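Below is one structure; the comments refer to it alone.
Every number in this text was worked out from the coordinates using simple rules, so none of it is lab data. Bear in mind that the values here come from a model prediction, so they are computed numbers and not experimental data. Methodologically, a virtual Cβ is constructed for each residue, glycine included, from the backbone with ideal geometry; neighbour enumeration extends over all protein chains shown.
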Amino acid sequence: MLLQNALKRLEEIDREVVLLSHINGVLVWDQDVIPSGGSEERARQLGLIDRKIYELTSSDEMGELLSTLGASESDDEGDESLDDRSRGIVRNYFRAWNRDRKLDGDFVQKFSELTGKAHHVWAKAREENDFSIYQETLTSIIAMVQEKASRYGYSDDPYDALLDVFEPGTTTAEVDSLFTQMKRDIHVVLDRLGDARRNIDDTFLYSTYAQDKQASFGKVVLDAMGFDWNRGISGISAHPYTISLGADDIRITTRYTEPSVTSPLFSSIHEGGHALYEMGASNEMTKGTCLANGASLAFHESQSRLWENMIGRSKAFWSHFFPRFKDIFPIQLEGIGLDGFVDAINIVKPSCIRVDADEVTYGLHIILRFELERKLLSGELAVQNLPEAWNDAMVSLLGIRPQTDREGVLQDVHWSMGELGYFPTYALGNLYGAQILHTMKKDIDVDYTVSTGDFTPIREWLDTQILRFGALYKPKELLLKVTGSALDARHFNDYLTEKYVGGL
């Protein structure tokens, strides 16, 4: 009975934490639409909410509940008599408690307020194309992240402490090994391509396309994906993202400031993939709990990258949607056929902007950030030298040098949020996605299904295999359940080679 009482109390706290996190989400959403003059108070509001969540998850009561439920360093899921749902909740809170108790309320609130203010500082610096506006704020963030990693503790590498927040159970050494292989594979693919795929004519993508028509077509695609408009909306922001403001209030954004007509569309598909995960993860078993989330950030990214690239950039996809797209934009696409369009959206050409990078070179953008983050965290790289280090790394990895801070070090919002350790999950998501697609193809004729425009079989397969479990299982455990094997980078290399070297 003691066990059941402890579980009941933990679930009460869980519901309160989830509600607070959803309130936090409302404040974060508003950051993109409120006047900049309101950023100071908004930052204090965010800081207060984060402190309240911290006090709940790091309390002595939480420690006692988890101990009663059998959670420990050796078994973070608790007593074996608990069902999978309860063990999942115990695991999530043991991980949070084990980290959060090493901090304190003042640190958490200060960090939240700092990053809350930093969003507008970053946006201003990006708008004015001037890193110096952002330098002092980012220096303060890096200092606090270094302290956070030190307080969390680690065995081999300080980066482990941060990476584990976003990708539980994965070490820096594992990522380094995967990225070393990925870097080698990508450069082999690029060498085999030569100039053929770089010289494709994609100029028509950079004509003038009416924003309202772009948005209308994007909605058509989201409809086909199964985005539930009764549970979500789409907006516009400086940086595309997905956020849950409630179990049935999942919001996505895109931006229309990039020159290519396909950039807003693919960002909508990408965020739509995240939203489908959030919607699927919030069901009768998980709704209102910490389990109504992705198994990890890489698993989340596997869904967005699978929909955006492996489905959204495929010839099968456009064999269905291109006629309608051409009807909407007949002047811009005059003389352009299906093959020419598909070739253009799959052009392989190193570019400065990560979110617009092609599938082949995208991983190099993530490797760049991973390497720079490790140097920032260790103190090897000072923030003031970051722009030059960024540009040098771009030359080394991609063979191009950004000409401005906006297309270089200021392009991403994540560091203003204090999220060092987050970027590797993007590339890991590509690896997860390719392995999941490889498995799905054993059960479904994916190309044929996509060509019909009815994605129901794909969505239902993903829901059955992945989405409905939310954060019930550890990411490595879930991948093993879905695919029957541990993460293997060869699936992504095979995917790139077949598509880009073998031909579209």
- Eligible aspartates and glutamates near Lys287 by straight Cα distance, threshold 17 Å, same-chain separation 8 or greater: Glu11, Glu12, Asp14, Glu16, Asp83, Asp84, Asp228, Asp248, Asp249, Glu278, Asp463
- Item | Normalised contact order of segment 40-187, rounded percent, pairs of Cα under 8 Å and 6 or more residues apart | 22 percent
- Item | Label point distance in nm, Asp106-Glu498, each placed 7 Å from Cα along Cα→Cβ | 5.8 nm
- Item | Theoretical FRET efficiency, 1/(1+(r/R0)^6), r = Cβ-Cβ of Ala143 and Leu48, R0 22 Å, to 0.05 | 0.45
- Task: Could you tally up the Lys pairs in segment 2-128 with alpha carbons closer than 24 Å? Skip any pair fewer than 8 positions apart unless they're on separate chains.
- Result: 6
- Message: Distance between the C-alpha centers of segment 74-96 and segment 107-145? Whole Å please.
- Response: 36 Å
- Message: Using Cα-Cα distances under 8 Å and only pairs 6 or more residues apart, what relative contact order does segment 327-449 have, in percent?
- Response: 23 percent
- How much FRET efficiency would the formula 1/(1 + (r/R0)^6) give for Arg85 and Glu136, where r is the Cβ-Cβ distance and R0 is 41 Å, rounded to 0.05? 0.35
- Message: Sequence gap at least 6, Cα distance under 8 Å: using those rules, report the relative contact order of the chain to the nearest whole percent.
- Response: 19 percent
- Select from Ser21, Ala118, Gly47 the residue farthest towards the positive end of the dipole of segment 2-128; place +1 on Cβ of Lys and Arg, -1 on Cβ of Asp and Glu, and compute about the Cα centre. Ala118
- Message: Under a Cβ-only charge scheme (Lys and Arg +1, Asp and Glu -1), can you give me the dipole magnitude of the chain about the Cα centre, in debye to the nearest 20?
- Response: 560 debye
- Task: Please give the calculated 222 nm ellipticity per residue for the chain, where each DSSP H segment of at least 4 residues contributes -39500 (n - 2.57) and the sum is spread over every residue; nearest 500 deg cm²/dmol?
- Result: -19500 deg cm²/dmol
- Tabulate in residue order the Karplus-calculated ³J(HN,Hα) for segment 441-458, using 6.51 cos²θ - 1.76 cosθ + 1.60 with θ = phi - 60°, rounded to whole Hz; enter x for Gly and Pro. 5, 6, 10, 9, 7, 4, 4, 5, 4, 4, 5, 7, x, 9, 8, 3, x, 5
- Task: Within 10 Å, count the other beta carbons around each residue, average over each peptide in 326-334, 455-463, and list them highest first.
- Result: 455-463, 326-334
- Task: Would you mind getting me the FRET efficiency between Ser74 and Lys8? Use the beta-carbon distance for r and R0 = 22 Å, nearest 0.05.
- Result: 0.30
- In the chain, taking the dipole from +1 charges on Lys and Arg beta carbons and -1 charges on Asp and Glu beta carbons about the Cα centre, the listed residue (Gly38, Ala344, Leu496) farthest towards the positive end is Ala344
- Message: Quick check for me: using +1 on Lys/Arg Cβ and -1 on Asp/Glu Cβ, what's the dipole size of segment 257-375 about its Cα centre, in debye to the nearest 20?
- Response: 180 debye
- Query: Cα to Cα, under 19 Å, and not fewer than 8 places away if on the same chain: which lysines meet these conditions relative to Lys441?
  - Reply: Lys315, Lys481, Lys499
